[in-house]
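First the structure, in the form of structure tokens, and then the observations on it.
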Amino acid sequence: MPDLTTLSLTQYSHLLHSGELSSRELTEACLARIDALDPDLQAFLHLDPEGALAQADAADQTLIAARKSGETPHLLTGIPLAIKDVISVAGLPCTSGSKILEGFVPPFDATAVARLRAAGVIIVGKTNTDEFAMGSSTENSAYGTSRNPWDTSRVPGGSSGGSAAAVAARLVPGALGSDTGGSIRQPASFCGVTGIKPTYGRVSRYGLVAYGSSLDCVGAFAPSAADAALIFSTIAGHDPLDATSVALPIENHASRFTHQEGAPLSSLRVGVPKEYFIEGIQPAVETAVRAAIAQLQALGAEIHEISLPHTEYALPVYYLIAPAEASANLARFDGVRYGPREAGETMWDVFFNTRGERFGAEVKRRIMLGTYALSAGYYDAYYGQAQKVRTLIKRDFETAFGQVDVIAAPVAPTTAFKIGVHSNDPLAMYLEDVFTLPANLAGVPGISFPVGFDGDAQQELGGLPIGMQLMGPHFREDVLFRAADAYQGVTDWHTRMPDEPLK
Ligand code: GLN
């Protein structure tokens, strides 16, 4: 059995290509690890062991044929991955963490999933999420809360918490997630893995259950930046099924990750925005992020203090725009077109009963907030105003990227919090997103990767992972990957694993 805890996705790829490892062996090892650890983590909502093994056997045939013919297969051929449950996989349930989609099985693959399949990826199952991706902890899932592998009394972050936990515990070597306001970067930070939120429009949203359509992005989790880049470059690119996807060339990221001698980041200008180092941020988070910035400098980067003056408006702007778009998007869940239906005398009773009983509290809150912000008489004051301020936030980034190549910042103000602490305080939960929302509002890409642990002496557990975020100009994911990869070339935070048995 391969030891899943020590190898990276890229290393598996080499073993699969050389024939030292079969996709069936690797997939069986993942399934065995899921069997052993997922009862404690609850990262998965649905597993497809038979389907996965059948796909693995097919991938093994492809790999054998390629070795015979001397062709090079795709680097992801035979690699098992997990998919967040807001992303459609043909034939597997897609609940989006909601009772309103209980038992719903979509008949088609999301474009990102179709591209993974075409590359020979094995789809192991679907991972837990806050209901319709609304949340920062997975506590809003209708199917229970996933656990943080570093401390199972804590949340893994969210909304893509199941994917992050699954990768952190190496149940799978990578996973897809979605990020509307931080849902890839924040759980990556809480779980100590690397997560990429691509530029808006870089990866097709076809088959992603819509939350905030002007903000939603499909992206990836993996242990390292090089691994995340491999998944990213496989799913990215124009798709006629998503009119917002952009036809720009994607670099072959897999070929560019060779560590150079000397200063790999020389001439990289890193901006440090003063608005992201505010009161209330956990001291260990600031210390670790500042140390990581110093490490980038040691790798040759120039560090510049910059300002993103409208940062403080990102939270109110997001919590108007995202709920407004959600209230429109979620109108389609009426018990008629998708999923189960509650009984009722009239058509209106059916809608009312289905939506009333099957949407959770947070989803209802956002539908009400969003409907209010869009309603006649309030539209200009709320939604219209929020759109104007969104433009100012975008301009902050345009100005900053005239001066620097990337922006370095914390991902979240704290490390993973205990399950339940924010459940009755939506505002405290929303505040977890302050550092991630601006990138979504501006549409720019962001990567989150581990840069240390909060070594709080009172924590018997030896600390929780801390992530740093790098944001880049539109369509410059390559710069983010290069910087994170250079950092990971000289540090080992991304290779650390939670102790087993899990605590
Ligand atoms: N936590 C944020 C929210 O609750 C972001 C969620 C996301 O990115 N899907 O909306």
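The values are calculated or read from the model by the stated rules, or taken from the named source; none is laboratory data. Every value quoted in this text rests on a predicted model; they were computed, and no experiment measured them. Note that we place each Cβ from the backbone using ideal geometry, even for glycine, and neighbour counts take in every protein chain shown.
Summary of computed values
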quantity: Every residue from segment 130-175 that is of a type outside the set (A, V, I, L, M), within 25 Å of Ile79 (Cα to Cα) and away from the ligand (no atom under 11 Å from the Cβ); calculated: Ser146, Arg147, Asn148, Pro149, Trp150, Pro156, Gly162, Ser163, Arg170, Pro173, Gly174
quantity: All positions within segment 326-349 that are part of a loop (DSSP other than H, G, I, E, B) and among the aromatic types (Phe, Trp, Tyr); calculated: Phe333, Tyr338
quantity: Given (1) in contact with a helix residue (DSSP H, G or I) (Cβ under 8 Å, 6 or more places away or on another chain); (2) surrounded by fewer than 24 Cβ atoms within 10 Å (Cβ to Cβ); (3) not hydrophobic (A, V, I, L, M, F, W, C), index of the condition Gly144 fails; calculated: (1)
quantity: Leu171 being farther than 27 Å from Pro501 by Cβ and either surrounded by fewer than 24 Cβ atoms within 10 Å (Cβ to Cβ) or not small (Gly, Ala, Ser) (or both); calculated: no
quantity: Ala373 vs. criteria assigned to a helix (DSSP H, G or I), surrounded by 13 or more Cβ atoms within 10 Å (Cβ to Cβ) and among the aliphatic types (A, V, I, L, M); calculated: yes
quantity: Every residue from segment 369-394 that is without any contact (Cβ under 8 Å) to a residue 40 or more places away in the chain and not polar (S, T, N, Q); calculated: Tyr372, Ala376, Gly377, Tyr378, Tyr379, Asp380, Ala381, Gly384, Lys388
quantity: Of residues in segment 322-358 being in contact with a Ser or Thr (Cβ under 7 Å, 6 or more places away or on another chain) and within 16 Å of the ligand (Cβ to nearest atom), the one nearest to Pro93 (Cα to Cα); calculated: Asn329
quantity: Residue within segment 280-296 that is free of Cβ contacts under 8 Å to residues at least 60 places away in the same chain and touching a Ser or Thr at 6+ places or on another chain (Cβ under 9 Å) present; calculated: no
quantity: Residues of segment 393-414 satisfying the condition of being among the hydroxyl-bearing types (Ser, Thr, Tyr) and over 13 Å from Ser137 (Cβ atoms); calculated: Thr399
quantity: Residue check, Val272 under 22 Å from the mean Cα position of the chain (by Cα) and surrounded by 14 or more Cβ atoms within 10 Å (Cβ to Cβ); calculated: no
quantity: Residues satisfying the stated conditions in segment 214-248, i.e. farther than 30 Å from Ser153 by Cβ, part of a loop (DSSP other than H, G, I, E, B) and within 16 Å of the chain's Cα centre (by Cα); calculated: Leu215, Asp216
quantity: So Arg496, is it over 17 Å from Glu312 (Cβ atoms), surrounded by fewer than 24 Cβ atoms within 10 Å (Cβ to Cβ), under 18 Å from the mean Cα position of the chain (by Cα) and of a type in the set (D, E, K, R); calculated: no
quantity: Selection status of Val434, touching a residue at least 24 places away in the same chain (Cβ under 8 Å), more than 16 Å from the ligand (Cβ to nearest atom), outside any strand (DSSP E or B) and out of contact with any strand residue (DSSP E or B) (no Cβ under 8 Å at 6 or more places or on another chain); calculated: no
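Okay, residues lined up against (1) surrounded by fewer than 20 Cβ atoms within 10 Å (Cβ to Cβ); (2) not charged (D, E, K, R):
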residue	(1), (2)
Glu305	yes, no
Tyr313	yes, yes
Tyr318	no, yes
Leu330	no, yes
Arg337	yes, no
Gly356	yes, yes
Arg365	yes, no
Ala381	yes, yes
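Listed here are the residues, each with its yes/no results for (1) of a type outside the set (Phe, Trp, Tyr); (2) modelled with pLDDT under 95; (3) crowded, with 24+ Cβ neighbours inside 10 Å.
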{"site": "Ala412", "(1), (2), (3)": "yes, no, yes"}
{"site": "Lys418", "(1), (2), (3)": "yes, no, no"}
{"site": "Asp425", "(1), (2), (3)": "yes, yes, no"}
{"site": "Met429", "(1), (2), (3)": "yes, yes, no"}
{"site": "Thr436", "(1), (2), (3)": "yes, no, yes"}
{"site": "Ala442", "(1), (2), (3)": "yes, no, yes"}
{"site": "Gly446", "(1), (2), (3)": "yes, no, yes"}
{"site": "Val451", "(1), (2), (3)": "yes, no, yes"}
{"site": "Glu460", "(1), (2), (3)": "yes, yes, no"}
